[in-house]
Each structure stands twice: as structure tokens, then as C-alpha cells.
Amino acid sequence: DAGVTQSPTHLIKTRGQQVTLRCSPKSGHDTVSWYQQALGQGPQFIFQYYEEEERQRGNFPDRFSGHQFPNYSSELNVNALLLGDSALYLCASSLVKAGETQYFGPGTRLLVL
Amino acid sequence: AQKVTQAQTEISVVEKEDVTLDCVYETRDTTYYLFWYKQPPSGELVFLIRRNSFDEQNEISGRYSWNFQKSTSSFNFTITASQVVDSAVYFCALSEPRMGGSEKLVFGKGTKLTVNP
């Protein structure tokens, strides 16, 4: 039973560029959430997708956008990258049910120079 | 508003010592869920436990145990006879149910545990 997978594992970009991160949920899961974790901090919720629609959004600017595909996989896009976007980006999958556990992938480490 | 506080930034113990990681939460809801995750240096968050607000029974899983006290809004995590492999950052998280299911997690800042041989 495959867990949550993310690609790429590491990425280096320069300011102003755009980046796309990818996530495949755990088998049987239908909901994908994205989190940003800055160094030394806890993960911060970016947004959540279910049935190909954004259900919830955290306090992140519109430069952060996403998409969910019919096979439940998801992408996170960040435009006009800033130095402060450097972080570990974590994808989590779950079932759309109250209190369900979110299972996390290994993350993508993004460095913006 | 939801908030999770992990006051201990870093803890260092010697192998075989017992260690307790503190977690205090704030929520206005009567129904909520609490979680603990472990983050080893590789970065992946590993799920440890989920507890709903109506179940105050303490739980034990091997060397791990959790103490949930609604009266003090705390959900503490104890590792008995710690081992070097327990070295990691541990996060406490809170979620509040919403219509349609699935909720965001609000995390504390984490406690870095170092177990020395």
C-alpha cells in the first residue's frame, strides 16, 4: 500500500520564477491538503482540495494556487517566488470525514535564491 | 481561534530516561481532534496518535503514552525508557470539524527531542 508521494524532493529557483510541486495521495484517500513549513516552525496550512475543488484556504496570497485531478493527485503552484517562500512543502492526504487522520508525504524542499 | 502551544523548544535526555512533551491547546469548539506527529531529520511527518475531545481515556502504545486532560486543555506525550531512535521533532496538532468533513490541522511549533547514548 503506497503512502503519500511527492515530487520533486528538492528544488532550487530564483526570485520571480514559478514552481509546480506534485503530490499523489495514499491509496483510497480523496482529500489532499498542502502545508508550508519554514525552518524551525510548525507546518502552516495552505489549502485543501476535494472533488477537484479548493475547500479551505489558509492565510496565503493568491500567488499560491493549486489543482486536484480526477485521480485525486494534486499540484501546488507558486508564482513570482520570493526569498521567503523557501521552505519544506508538505502534502497530506485523508478521507473527507470529520476528524480523519492526515497522512503526510516526504515533502519538497524549495530554496529560492 | 485555534492555537497550539508547545512551550518546550528543545529537550535533551540520556538514553533510558523518561521524557514528557507538553502540549496545550485553545479552541472554542466542544468537538475537536488532537494529534501527535513525529518528524525525523528526513522531514516526513509520521502520525503517532489521534484523540477526539470526547475520549479522555489515556492511551499507551509500547513505550509511548498520552495524557489528555480537557480541564487543563492539555494533551501531553510521554516516552518511557527513551532510545536514540526517538530523536526527532515532535508536533502536537489540533483540528476542528467542519461541515462536509475534513479539516485543516493547526500545529504547534514543535519540540526537538535529542536522546543521547
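Hey, among the residues in segment A:61-105 that are within 15 Å of the chain's Cα centre (by Cα) and without any contact (Cβ under 8 Å) to a residue 12 or more places away in the chain, which one's surrounded by the most Cβ atoms within 10 Å (Cβ to Cβ)?
Ranking the candidates gives A:61 first.
When segment B:75-117 is examined, which residues are found to be within 14 Å of chain A (Cβ to nearest Cβ) and among the charged types (D, E, K, R)?
Within segment B:75-117, B:96, B:98, B:103, B:104, B:109, B:112 meet the criteria.
Is it the case that segment A:9-21 has a residue that's outside any loop (DSSP other than H, G, I, E, B), open to solvent by 30 Å² or more (accessible area, probe 1.4 Å) and within 14 Å of chain B (Cβ to nearest Cβ)?
yes
Scan (1) assigned to a strand (DSSP E or B); (2) open to solvent by 20 Å² or more (accessible area, probe 1.4 Å); (3) over 21 Å from residue A:3 (Cβ atoms) for the single condition residue B:16 breaks and write down its number.
The single condition residue B:16 does not satisfy is (1).
Would you confirm whether or not segment B:24-31 contains a residue that is under 30 Å from residue A:55 (Cα atoms), of a type in the set (Phe, Trp, Tyr), more than 10 Å from the chain's Cα centre (by Cα) and modelled with pLDDT under 95?
No, every residue in segment B:24-31 fails to be under 30 Å from residue A:55 (Cα atoms), of a type in the set (Phe, Trp, Tyr), more than 10 Å from the chain's Cα centre (by Cα) and modelled with pLDDT under 95.
The values are calculated or read from the model by the stated rules, or taken from the named source; none is laboratory data. Keep in mind the model is a prediction, meaning the values are calculated, not measured. Every residue, glycine among them, receives a Cβ derived from its backbone with ideal geometry; neighbour counts consider all protein chains shown. Accessible surface is based on the protein model in full, side chains and every heavy atom, while ligands, DNA and RNA are left aside. Shrake-Rupley method; radii C 1.70, N 1.55, O 1.52, S 1.80 Å.
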